[in-house]
Structures are given as structure tokens and as C-alpha cells.
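See structure below.
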Amino acid sequence: MKRKYRKILAGLILVTIILVAATLVIRIFFSGSKDTKVKVLDAVKNYDYVLEERDTALFKETYNHLKANLKSKDIDYTAYAADLAQLFIIDLFTIDNKLSKYDIGGLDYVYPDSQDNYKLNVENTLYKNVEVKDNKRNQDLPAVTSITIDNTEEMEYTIGEKTYPAYKETISWEYKEDFGYDNKAAVTLIKDQNKVYVVEYQTIEE
């Protein structure tokens, strides 16, 4: 009987060790991979645009301008495209409020069929070295403080066999502190039914 109890005890100890080890492994590999939920302050009805608690004053101002336009009876799509392009730039290049390299800015404004490629590209380039945001993160990361539409060109843009009304926005912006990131680009957007999406980003060298 004693041997039987010893075997049961040994088995329980082994199971406990395995569970503890598994818990440690899970914590090590996944503790920084899942982003903490960010509080949403506002959302535009019938659109996927939200204002979050962490967003900057510049983002909030542009968001509110866009929301007012989208709530009007006659939406100004030229203004819609300009605001969306600016929100895209502000969110993409304001990296200091991002939770990790996987917390990709600008994703909500990208054409749905291109979102996976966009996300992967940003993770592996612009956000590649962004650490998990916690009390230990001590990185110099950019924050956009001002933005200007320099030029708007109305055009057409073809995806596959379908051609869409499009807008090419030439944009310049400034940072709280200059770390050498892009500060001028051409952003191309298309109008698909009642929504506008970013489909192309091109850096402009000065």
C-alpha cells in the first residue's frame, strides 16, 4: 500500500511540475504578444473609424472633422479622402502610443484586400524594433504633431478589372521630435460605394 501511495504522490508531483513549467513557458512566449485593450471613446456609426483614449489631440481634431462630414446629408468625398489620408499618416507614424510591433497604425483605413500585406510589411519594417509598451520600455519613438495637405489630385485607380474614383493626396507632416522618419508622401485612396480606402503610399524625398 505504501508503494502505491508513493507512486500516486510521485505522479501528482510530476503533474504539478509540468503544469508550472507550462505556465512559465506560456508567460515567456505570450506575455508581450497580445495587445492590451485600448479604451474607445467614440465611433462613427456605419463606419469602422474609432477615437481611442490614447489618440493625440491632432488625431482627435481630424477625426471630429471627418465624423461631422460623414454625418451630413451630402458627404463631401474630396474632404473625406483628405481627412482619411491624414488620419492614416497620423496613426501610422505616431508610434509612441502603440502597444507593440503588432499594434499597427493606419490599418483601419487600408483597403480590406490589402490589409494583411500592409500589416506584415509594417511589422517587418517601420515597427520592426518597437518593444512591448510597459514600465520598462525606454524607446525614442515618433509622434506626429502637425500635418498639411499640399495637393489633391482626383483620378481613377484600377484594381484587377475594376476602376474606382480615386484621390491622390500629397501630404507633409512634422514630429514632436525628428528621428529621421518619413515626413512627406503621396497617399492614394479609392472610393468604393460609400467608403474611402487607402490603397497606396509613396514616400516623397525632399
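Structure data summary
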quantity: Over 19 Å between alpha carbons, listed pairs 128/168; 39/133; 162/191; calculated: 128/168
quantity: In order through region 107-112: 3J(HN,Hα) via Karplus (6.51 cos²θ - 1.76 cosθ + 1.60), integer Hz, x for Gly, Pro; calculated: 4, 5, 9, 8, 3, x
quantity: Net lengthening on full extension, residue 116/residue 39 (0.36 nm per residue, minus Cα-Cα); calculated: 25.3 nm
quantity: Heavy atoms of residue 56 accessible to a 1.4 Å probe, total area in Å² rounded to 10; calculated: 40 Å²
quantity: Spatially proximal aspartates and glutamates relative to residue 67 (Cα-Cα < 13 Å; intrachain offsets below 8 disregarded); calculated: 42, 48, 76, 83
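The values are calculated or read from the model by the stated rules, or taken from the named source; none is laboratory data. Since this is a predicted model, take the numbers as computed values, not measurements. Accessible surface areas use protein heavy atoms only, side chains included; no ligands, DNA or RNA. Shrake-Rupley method; radii C 1.70, N 1.55, O 1.52, S 1.80 Å.
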